[in-house]
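See below for the structure under consideration.
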Amino acid sequence: MKRPVLAALAVLLAGAAFGVAQAATFKLTLLVAADDTRLERSRTERAYLGHPGGPAVDGLQAALKEAKFELDAAGAALTLETVPVANAQAAKDAALKAEKGGAAVLLSDLPGDWTLAAVDAVKLPVLNLGDASDRLREQDCRPRLLHLLPSERMRTDALAQTLAAARWGQVLLLTGPTPLDAQRSATAQASIKRYGLKLVAAKPFKLSGDPRERDLANLKLLTGNATYDVVWVVDSDGEFARTLPYRTSLPRPVVGDAGLTALAWSAQFERFGAPQVSRRFTKATGRPMTAHDWAAWMAGKAIVTAATEVPKGPAAALAKALTDLEFDGSKGTPMSFRAWDGQLRQPMLLTDGQGVVAMAPVEGVLHPKNNLDTLGADAPEKLCKVARP
């Protein structure tokens, strides 16, 4: 090889090395609960629909591993640190430490109040992976808080759309005893009303060892003395709901927290490259991919997309790219964060745990701008009053 060619090659290699040197290394910090009761063995073994199947870090690591070639080609780098916290104050302290340590993005798989403590302590974008409560998207929203997991309202809207399309218009609603059940039941009733279904009866249930409360867990009594097309069960714990299908007084389908459930993901989803996503995750972790795993994986995908868009940084450019770009989550349509509440707009999967039987938005449900905005709080009805960056 002639000397001029060698010299030119040396210049190119030096330039490439300089480019890599100038690329930013974006630090990611994942905050998790130190003692996460959702991940107790007795719960994960039952595999309640809509509940986590394992730690959020599994989904994030899967996304970052899959994107290594893409990141290398763009000259970008991402590092991930997982920090367990025991309460809201610890979440705040960990967030401050991460910000001082140069973190570009915080990710939170924490209860809502803990997440808010972390968000309010820093000026970083915070990605919520594990809390579906509507209040984080509405009255307790924050300008830099983004949500990967669908909101509770998105789940109930998806179910209500599906019932309306099937003309299962008469709904018997069963609600559990906790304050969270009451909140989620109110959300379900809003969706029932929104899509023209009829609530024929609403009854409380309770699993209890008290003989005086035995009737509150009697399936035949709870589902008797009413005419309905479907039983909608709200059970945040999951134990009662799993006993309900095929045990109702009338031979009717069950939806909500058992039977047919609206989720962000199902390991049985067979379209848009989803089987490959689920297989890679199962190979890496030894368990099926749940909706919570997909939310964590999708967070990783979104950050990778933003990092390859602005590989040299700064961190502020990464934060802006997160809110401006569209992302592919193997659900058949580009997804982006809503400007009014930070929620990732996305299709929902309707599953019984054995397969995906439908998707929402259902065919025929239309929106002036984006049909995905028929799921959850739309811009005109937003309760979030903060200005988003």
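The numbers here are math on the coordinates, done by the rules we state, and not lab data. Bear in mind that the values here come from a model prediction, so they are computed numbers and not experimental data. We place every Cβ from the backbone using ideal geometry, glycine too, and count neighbours over all the protein chains shown.
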- Query: What does the charge count near R287 come to, summing +1 for each Lys or Arg and -1 for each Asp or Glu among other residues with Cβ under 13 Å from its Cβ?
  - Reply: +1
- Of the listed values [x] 55, 47, 32; [y] 71, 62, 47; [z] 92, 44, 43, grab the one calculated as Cα extents along the principal axes in Å from the structure here. [z]
- Item | Backbone HN-Hα couplings from phi across region 201-214 [Karplus 6.51/-1.76/1.60, Hz, Gly and Pro as x] | 6, 10, 10, x, 10, 7, 8, 8, x, 7, x, 6, 10, 4
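Explain nothing, just the number: dipole magnitude of the chain about its Cα centre with +1 on each Lys and Arg Cβ and -1 on each Asp and Glu Cβ, in debye rounded to the nearest 20. Could the numbers behind the result be given before it?
Working: 47 positive and 41 negative charges, 111 e Å.
Charge dipole, the chain, about its Cα centre: 540 debye, nearest 20.
Summing -39500 (n - 2.57) over the DSSP H runs of n ≥ 4 in the chain and dividing by its residue number, what mean residue ellipticity at 222 nm do you reach, to the nearest 500 deg cm²/dmol?
Details: 12 runs with 140 residues, N = 389.
Computed mean residue ellipticity for the chain: -11000 deg cm²/dmol.
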- Which of the helices in the chain meet the span-like rule: DSSP H, Cα axial reach of 24 Å or more, Kyte-Doolittle mean at least 1.6? 3-22
- Taking amide H positions as placed in the peptide plane 1.01 Å from N, state which residues far from L383 in sequence (5 or more) or on other chains have amide H under 5 Å from it. none
- Task: Measure up K198/K220; K97/K320; K68/K331; K65/K382; K123/K312; K193/K320 against 26 Å on the Cα-Cα distance and list the ones that go over.
- Result: K65/K382; K193/K320
- Query: Based on Cβ point charges of +1 for Lys and Arg and -1 for Asp and Glu, what charge dipole magnitude is obtained for region 153-263 about its Cα centre, in debye rounded to the nearest 20?
  - Reply: 320
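Ranking V234, V85 by Cβ neighbours within 10 Å, fewest first, what do you get? Show your work: numbers first, answer last.
Working: V234 27, V85 21.
Placing the least packed residue first, the sequence is V85, V234.
Mind ordering 290-296, 87-93 by average Cβ neighbours within 10 Å, highest first?
Values: 290-296: 28.0, 87-93: 18.0.
Output ranking for 290-296, 87-93: 290-296, 87-93.
For region 264-389, what class follows from the C-alpha gyration tensor (a ≥ b ≥ c being the square roots of its eigenvalues): rounded when a/c is under 1.5, otherwise prolate if a/b is larger than b/c, else oblate?
Note, shape of region 264-389 comes out oblate.
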